[in-house]
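What follows is a short report on a single structure.
The values are calculated or read from the model by the stated rules, or taken from the named source; none is laboratory data. Bear in mind that the values here come from a model prediction, so they are computed numbers and not experimental data. All Cβ positions, glycine included, derive from the backbone under ideal geometry; neighbour counts span all protein chains shown. In case anyone asks, the SASA skips ligands and DNA or RNA and just uses the protein heavy atoms, side chains included. Shrake-Rupley method; radii C 1.70, N 1.55, O 1.52, S 1.80 Å.
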Amino acid sequence: MEIYDCLIIGAGPCGIGAALKLKEAGIKFALINSGTPGGKINVAPRVDNYPGEHEIPGSDLAVKFFQRLLDKDIPIIGDAVLSLKKENDLFIVECEFGKYTAKTVLIASGTRERKVGLAKEEELLGHGISYCSICDGHFFKGGDVAVIGGGNAALKEAIHLAAIAKKVYVIHRRNEFRGSVKLVDELRAMPNVEIITPYIPFEILGEDKVTGLVIENRENGSHRELKLDGLFPLVGQDPNTQFIKIDGVLNEWNTIPVDRSMMSSVPGLFAGGDVLPREIRQIYLAEHDGMVASKGIIDYLSK
Ligand SMILES: Cc1cc2nc3c(=O)[nH]c(=O)nc-3n(C[C@H](O)[C@H](O)[C@H](O)COP(=O)(O)OP(=O)(O)OC[C@H]3O[C@@H](n4cnc5c(N)ncnc54)[C@H](O)[C@@H]3O)c2cc1C
């Protein structure tokens with residue numbers, strides 16, 4: 001079986017950042033990616049905080065990242081990793097369609113949206129419930145929608161939806177927002193946006209599709225019913241690390257602690273980007289991690 005020097009799991013900013021450096025160094029590697037190359041940027045309605053670009057649509061930036069991979073002729077395996085094990089100093093990566101072996105692995109698989117945990121949330125996914133306004137926002141043109149959450153991702157989704165929907169409710173459990181003041185101010189200035197705090201979702205209404213949401217006031221327990229066509233629960237992310245079958249890699253939040261070279265507690269296993277334990281998840285941080293990890297990988301392989 002062919003043995004790679006390195007396999008990178010995930011072709012988001014972290015994986016791509018590392019791939020560009022490993023290619024320059026002449027390392028034998030491949031990127032394994034299950035989604036659209038470019039990763040989460042593809043679903044970001046608008047990217048801020050990325051030096052060199054001014055408020056660029058996420059999908060446009062993702063195309064630029066992908067183009068770099070094509071220009072450098074970087075090998076991408078379109079597959080989903082199901083398990084990662086270590087046997088006799090080699091990593092075994094089992095995917096849906098193939099099995100691969102490598103001396104080192106970089107985990108750059110990012111995060112997925114966290115479920116709110118309400119009844120009908122799974123059942124009505126795709127029937128009024130969505131985690132991505134870029135993908136599904138157009139279904140709610142002229143309708144009433146609600147965004148649940150108070151971080152930057154939720155605020156940006158709400159701004160994007162306000163240009164499409166008739167009415168956008170933003171429901172957040174605290175009176176203060178975790179997201180940036182600039183985004184909150186932008187939302188407050190929009191005539192079709194209503195910010196409702198401190199409320200939590202209580203019950204999703206609708207049988208075959210979402211028709212409304214009951215919310216609960218956290219201070220006095222009172223309920224309010226909103227009539228809705230769409231619901232976007234954006235309350236946080238969980239790391240895509242469930243495929244790691246090696247003991248001691250994950251912490252209690254299922255993220256991956258690493259040292260300064262981006263190596264985890266397991267020799268040869270590196271991680272970067274949104275799978276790390278961190279407060280802020282941003283493109284430039286992920287890209288930075290990928291670059292640093294590539295140096296760690298090159299040093300590790302040369303030992
Ligand atoms: C709505 C929204 C708006 C945002 N706005 C901004 C912004 O303005 N500025 C900013 O800097 N950041 C922004 N971000 C955050 C930014 O997109 C992320 O921090 C960044 O993409 C993380 O990069 P990553 O490489 O760690 O992971 P990701 O970009 O998540 O890429 C991970 C890749 O791994 C793949 N993958 C996952 N599991 C597997 C598996 N089992 N097998 C194979 N492949 C797998 C995924 O398909 C994906 O392609 C935003 C995010 C969202 C959701």
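So here's what we get for this one:
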read-out	value
The chain - share of DSSP beta bridges that are antiparallel (%, nearest 5)	45
Accessible area (Å², per residue) of the range 125-235, counting only protein heavy atoms and a probe of 1.4 Å	47
Residue 60/residue 139 FRET efficiency (R0 25 Å; Cβ-Cβ; nearest 0.05)	0.70
Rounded to the nearest 10 Å², the accessible area of residue 211 at probe 1.4 Å	70
Surface accessible to a 1.4 Å probe, per residue, for the residues of the range 47-116, Å²	54
Residue with peak Gaussian network fluctuation, the chain [Cα springs, cutoff 10 Å], from 78, 137, 26	26
Nearest-0.05 FRET efficiency for residue 49 and residue 96, computed from C-beta distance (R0 30 Å)	0.30
Within the accessible area of the range 46-110 (1.4 Å probe), percent carbon and sulfur	49
Stretch in the chain that is longest and holds no chymotrypsin sites (Phe, Trp or Tyr not before Pro) that DSSP places in a loop and that have at most 13 other beta carbons within 10 Å	98-252
Between the range 134-169 and the range 66-117, the alpha-carbon center distance in angstrom	32
Loop GluC sites (Glu not before Pro), the range 132-205, which have at most 15 other Cβ atoms in a 10 Å radius of their Cβ (DSSP)	176
Entries in 99/245; 40/303; 141/209; 28/86; 23/99 that, when Cα-Cα distance is taken, lie over 24 Å	40/303
Relative contact order (percent, whole number), the chain, Cα cutoff 8 Å, 6+ residue spacing	21
Acute angle (nearest 10 degrees) that the helix 13-24 long axis makes with the longest principal axis of the chain, alpha-carbon atoms	20
Accessible-area value, residue 46, 1.4 Å probe, nucleic acids and ligands omitted, Å²	50
Segment residue 225-residue 87, extension gain: residue separation times 0.36 nm, minus the distance between their alpha carbons	44.2 nm
Directionally averaged shadow of the chain, computed from the convex hull of its alpha-carbon atoms, nm²	16.7
Solitary cysteines of the chain, where the nearest other Cys Cβ is not under 4.7 Å	6, 14, 95
Candidate aspartates and glutamates - alpha carbon under 18 Å from residue 295, same-chain residues fewer than 8 apart omitted	5, 24, 259, 287
Percent accessible area from carbon and sulfur atoms, the range 154-284, protein chains only, probe 1.4 Å	49
Cα gyration tensor category, rounded, prolate or oblate, for the range 20-148 with a/c compared to 1.5	oblate
Residues residue 284 and residue 72, FRET efficiency given R0 of 25 Å [Cβ-Cβ distance, rounded to 0.05]	0.80
